[in-house]
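Colleague: There's a structure below that I have some questions on.
The values are calculated or read from the model by the stated rules, or taken from the named source; none is laboratory data. Note that this is a predicted model, so its numbers are computed, not measured. Using ideal geometry, Cβ is built from the backbone for each residue, glycine included, and neighbour counts are taken over all protein chains shown. All accessible areas refer to the heavy atoms of the entire protein, side chains included, with ligands and DNA or RNA removed. Shrake-Rupley method; radii C 1.70, N 1.55, O 1.52, S 1.80 Å.
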Amino acid sequence: MTTDPTATGTFPTWVRTSTTGSVAPPAPMPSEESVPLNAPEPLEPSLPPLRSSDGRLELTADTLTVNGQRFLLLELEAVELTPVRWLLWYLLGGFALAGFALAFLQNWLRTMPAMLGLAASALLFVYGQRGTNRLRLHRLGREAVHFALPGEPERWQQLARETNRRIRRRHDEAAAAAAAALLPPPTYEELPPGAEPSA
C-alpha cells in the first residue's frame, strides 16, 4: 500500500519548489546576540612610559612631555630631530685658530701667547662643533614647536623614533574607534516567502 505524500506533507525539495509551487520555509536567520559586533580591539598592549636620563623628555601611551610642556599624541603629526651646530662659535673658533697659527708662523707672536690663543680657539671650535639637537614637533593644523636638547644625538633619535611610532599607533586607534562608532550594528531582515536574497 502506497502512502499519499499529500497526506503526510513529505515532498522532496524539487517537488515542493517546482510542482506544487510552494517554497520551502526559509532558514532561520542568526540573532543579533549570536553575531559579534565590529568592536575595535586595541592594536597593541599598553606601552610603558619612557623617560630620558636628564628628565627633559617623557613619553607615555597618550602624551609627550618636553621641558615641562605636555602634548597629546593625537594633536601631533610627527616629531623630527636634527643635530645642529652652533655656527657662530664654530666659525669663530675656526677663524681664531687660523689667525693665531698664522701669527705664530709669521713671528708676530711669541710661543706662549700663541699657544694660549691656539688652545682657546680650539676650545671654541670644539664647542661649536658639539652643537645641540633641535626637536621639532609638527602639530596638526598649528605651527611647529621647537626645543633644544643637549647631548649625543643617538639617544634622542631613538626616543624620536619611538615617539613617531606611538603617534601613528594612537591615530590608528582613534580612527578605528571613530569608524566603529559611526557604523551601525548589522541587522537582519527576514525575507518574505518566495523572495530571493539580493546579491
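Colleague: Quick one: which of R168, R142 is in a helix (DSSP H, G or I) and surrounded by fewer than 17 Cβ atoms within 10 Å (Cβ to Cβ)?
Modeller: R168
Colleague: Applying the selection to the range 50-98, what residues are assigned to a helix (DSSP H, G or I) and touching a residue at least 60 places away in the same chain (Cβ under 8 Å)?
Modeller: If the condition is that a residue be assigned to a helix (DSSP H, G or I) and touching a residue at least 60 places away in the same chain (Cβ under 8 Å), then L73, L74, E75 are the ones that fit.
Colleague: Kindly establish whether R110 is open to solvent by 70 Å² or more (accessible area, probe 1.4 Å), within 39 Å of the chain's Cα centre (by Cα) and either more than 30 Å from R165 (Cα to Cα) or touching a residue at least 24 places away in the same chain (Cβ under 8 Å) (or both).
Modeller: no
Colleague: Going residue by residue through the range 117-130, is there one that turns out to be assigned to a strand (DSSP E or B) and closer than 30 Å to R166 by Cβ?
Modeller: Here is the first cut: in the range 117-130, the ones assigned to a strand (DSSP E or B) are none.
No, because not a single residue in the range 117-130 is assigned to a strand (DSSP E or B) and closer than 30 Å to R166 by Cβ.
Colleague: Another question, if that's okay. Any residue at all in the range 71-90 that's modelled with pLDDT under 85 and either among the charged types (D, E, K, R) or on the phi > 0 side of the Ramachandran plot (or both)?
Modeller: Yes: one or more hits.
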